[in-house]
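Student: Once you've had a glance at the structure underneath, I'll fire off some questions.
The values are calculated or read from the model by the stated rules, or taken from the named source; none is laboratory data. Quantities reported herein were computed from a predicted structural model and do not represent experimental measurements. Cβ placement follows ideal geometry from the backbone for every residue including glycine, while neighbour counts extend to all protein chains displayed.
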Amino acid sequence: MPGSSAAAVPGASPAALPPDAARPESYLLHVSRPAMACRFELFFNAGQYANDTAAALEALDLVQALEDRISYFRTTSEISRINALAAEAAVEVEPALFALLQLCLELHVQTAGAFDAAAAPLWEAWGFSRRAGRIPSEEEIAEALKRTGSHLIELDPVRKTVRFKSEGVRINLGSIGKGYALDRAGEILAAAGVGDFLFHGGQSSVLARGSRLEPARGGAFPAPPGWSVGVRHPLWPRRRVAEIRLRDRALGTSGSTMQFFRHRGRRYAHILDPKTGRPADGVLSATVVAPSAAVADALSTAFFVMGPEQALAFCRARPELAALLVCPGAGRGRYEVHTAGFQPEELCVF
């Protein structure tokens with residue numbers, strides 16, 4: 001398959017090495033392919049499944065097909081068709097995409113607007129849609145805010161149609177799309193009988209099922225079940241701030257490490273607060289563990305916008321969630337780590 005690669009590799013998960021470098025190696029089968037402006041990588045226990053590579057390639061095929069359907073940047077995608085037509089008439093969409101849009105609206109309500117799939121006009125005003133950040137005028141921000149908000153999206157569950165209540169509304173699924181693709185591709189793996197795998201998109205969106213088959217630690221005590229995933233430090237990207245063990249759960253991380261620009265000495269990140277129309281601040285990175293990768297992705301963006309107090313309260317009220325937030329500390333280069341919802345064996349903060 002063009003662009004795909006497969007190999008048996010020793011060591012740990014794609015996001016981080018294990019903390020105990022002295023333990024014996026176990027081997028993983030690794031299959032990968034570029035998609036959605038990153039690399040999707042899938043890891044299996046080597047030799048566990050006879051059909052793992054075939055199932056992996058089918059799953060990666062689906063990721064590419066989904067990118068064609070939901071990409072904001074592709075003029076032939078379903079999202080581009082909706083953005084072009086939905087202000088004039090109701091646009092019918094296929095059931096799976098309609099369900100994703102319903103989830104987006106539900107999360108918008110649950111997070112009191114912190115997650116908003118209809119914030120594309122703001123994102124465009126700040127230049128992030130062209131990867132050329134700029135400071136918009138107050139008038140530009142005010143105009144973009146008029147066209148921003150999931151309250152401007154009308155869904156008809158009977159006809160499976162989408163309609164915008166105002167001109168200029170645009171949807172961008174960038175903050176949920178990779179997780180959604182992982183969830184859908186994970187269904188293919190499950191249908192093929194593959195129950196143990198780690199699947200990630202660009203390391204910021206991760207889906208884990210079952211466990212990595214690891215040798216016993218010290219020859220006596222087995223490693224905890226699951227997959228070990230490192231969380232990149234937002235200030236020093238070559239370091240990890242924490243390690244999380246996932247089993248039958250997903251993880252999403254949002255941060256300002258990769259997409260930002262500087263203006264007159266100030267740093268402006270690409271994650272925007274839909275209420276103010278300006279880049280969110282107060283959080284360096286937000287990591288969420290949730291039952292699905294789509295929800296983990298969306299909530300990591302919402303938590304970045306909400307700030308630590310609201311985000312941790314939201315998480316504590318929902319036992320299916322866990323969160324790790326890295327926030328600025330007192331002084332240059334200092335930071336604070338806030339967590340909620342983790343069991344002791346699931347989290348190691350460095």
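Student: Return the residues of the range 266-289 that are assigned to a loop (DSSP other than H, G, I, E, B) and either closer than 18 Å to PRO237 by Cβ or within 16 Å of the chain's Cα centre (by Cα) (or both); say none if nothing qualifies.
Tutor: Narrowing the range 266-289 to residues assigned to a loop (DSSP other than H, G, I, E, B): 270-271, 274-277, 280-284.
Those that are assigned to a loop (DSSP other than H, G, I, E, B) and either closer than 18 Å to PRO237 by Cβ or within 16 Å of the chain's Cα centre (by Cα) (or both): HIS270, ILE271, VAL283, LEU284.
Student: Determine if the range 191-205 includes at least one residue that is buried (at least 21 other Cβ atoms within 10 Å of the Cβ) and over 22 Å from the mean Cα position of the chain (by Cα).
Tutor: The answer is yes; a qualifying residue exists.
Student: Look through the range 118-133, keep the residues that are assigned to a helix (DSSP H, G or I) and under 25 Å from VAL162 (Cα atoms), and return whichever of them is modelled with the lowest pLDDT. Spell out how you get there, then give the answer.
Tutor: Going through the range 118-133, the residues assigned to a helix (DSSP H, G or I) turn out to be 120-125, 128-130.
Okay, now just the ones that are also under 25 Å from VAL162 (Cα atoms), so 120-125, 129.
Values: ALA120: 94, PRO121: 94, LEU122: 93, TRP123: 88, GLU124: 91, ALA125: 91, SER129: 71.
Going through the qualifying residues, I end up with SER129.
Student: In the range 92-117, what residues are outside any helix (DSSP H, G or I) and within 18 Å of the chain's Cα centre (by Cα)? Lay out the reasoning, then the answer.
Tutor: Initially, the range 92-117 is screened for residues outside any helix (DSSP H, G or I), giving 92-94, 111-117.
Within the range 92-117, THR111, GLY113, ALA114, PHE115, ASP116, ALA117 qualify.
Student: Which of the following residues is among the aromatic types (Phe, Trp, Tyr), surrounded by 22 or more Cβ atoms within 10 Å (Cβ to Cβ) and either touching a strand residue (DSSP E or B) at 6+ places or on another chain (Cβ under 6 Å) or modelled with pLDDT of 95 or more (or both): PHE98, PHE115? So that I can check it myself, show each step before the final result.
Tutor: Values: PHE98 fails: surrounded by 22 or more Cβ atoms within 10 Å (Cβ to Cβ).
The conditions single out PHE115.
Student: If you scan the range 335-347, which residues turn out to be surrounded by 10 or more Cβ atoms within 10 Å (Cβ to Cβ) and farther than 15 Å from LEU251 by Cα?
Tutor: To start, the set of residues in the range 335-347 that are surrounded by 10 or more Cβ atoms within 10 Å (Cβ to Cβ) comprises 335-342, 345-347.
Correct list: TYR335, GLU336, VAL337, HIS338, GLU345.
Student: Which residue, of ILE141, ILE171, ILE176, is over 21 Å from the mean Cα position of the chain (by Cα) and β-branched (Val, Ile, Thr)? Steps first, answer last, please.
Tutor: Values: ILE171 fails: over 21 Å from the mean Cα position of the chain (by Cα); ILE176 fails: over 21 Å from the mean Cα position of the chain (by Cα).
After ruling out the rest, the residue left standing is ILE141.
Residue by residue, here is whether (1) at pLDDT 95 or above; (2) under 24 Å from GLY113 (Cα atoms); (3) polar (S, T, N, Q) holds:
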| position | (1), (2), (3) |
| --- | --- |
| ARG262 | no, no, no |
| ASP273 | no, yes, no |
| GLY277 | no, yes, no |
| LEU284 | no, yes, no |
| VAL288 | yes, yes, no |
| THR301 | yes, yes, yes |
| VAL337 | yes, no, no |
| PHE350 | no, no, no |
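Student: I've got another one for you. Looking at (1) assigned to a helix (DSSP H, G or I); (2) under 25 Å from GLU67 (Cα atoms); (3) out of contact with any helix residue (DSSP H, G or I) (no Cβ under 7 Å at 6 or more places or on another chain), which is the only condition ALA89 fails?
Tutor: (1)
Student: While we're looking at this one, here's another question. State all residues of the range 235-245 that are surrounded by fewer than 22 Cβ atoms within 10 Å (Cβ to Cβ) and modelled with pLDDT of 85 or more; if no residue qualifies, say none.
Tutor: Quick first cut of the range 235-245, residues surrounded by fewer than 22 Cβ atoms within 10 Å (Cβ to Cβ) only: 235-243.
Result: LEU235, TRP236, ARG238, ARG239, ARG240, VAL241, ALA242, GLU243.
Student: Could you list, in sequence order, the residues of the range 45-55 that are out of contact with any Lys or Arg (no Cβ under 9 Å at 6 or more places or on another chain) and on the phi < 0 side of the Ramachandran plot?
Tutor: Here is the first cut: in the range 45-55, the ones out of contact with any Lys or Arg (no Cβ under 9 Å at 6 or more places or on another chain) are 46-55.
Of everything in the range 45-55, those that are out of contact with any Lys or Arg (no Cβ under 9 Å at 6 or more places or on another chain) and on the phi < 0 side of the Ramachandran plot turn out to be ALA46, GLN48, TYR49, ALA50, ASN51, ASP52, THR53, ALA54, ALA55.
Student: Next question, about the same structure. Working only within the range 45-63, note down all residues that are buried (at least 19 other Cβ atoms within 10 Å of the Cβ) and within 21 Å of the chain's Cα centre (by Cα).
Tutor: If we filter the range 45-63 for residues that are buried (at least 19 other Cβ atoms within 10 Å of the Cβ), which is where we start, we get 45, 49, 52, 55-56, 59-60, 63.
Selection gives ALA56, ALA59, LEU60, VAL63.
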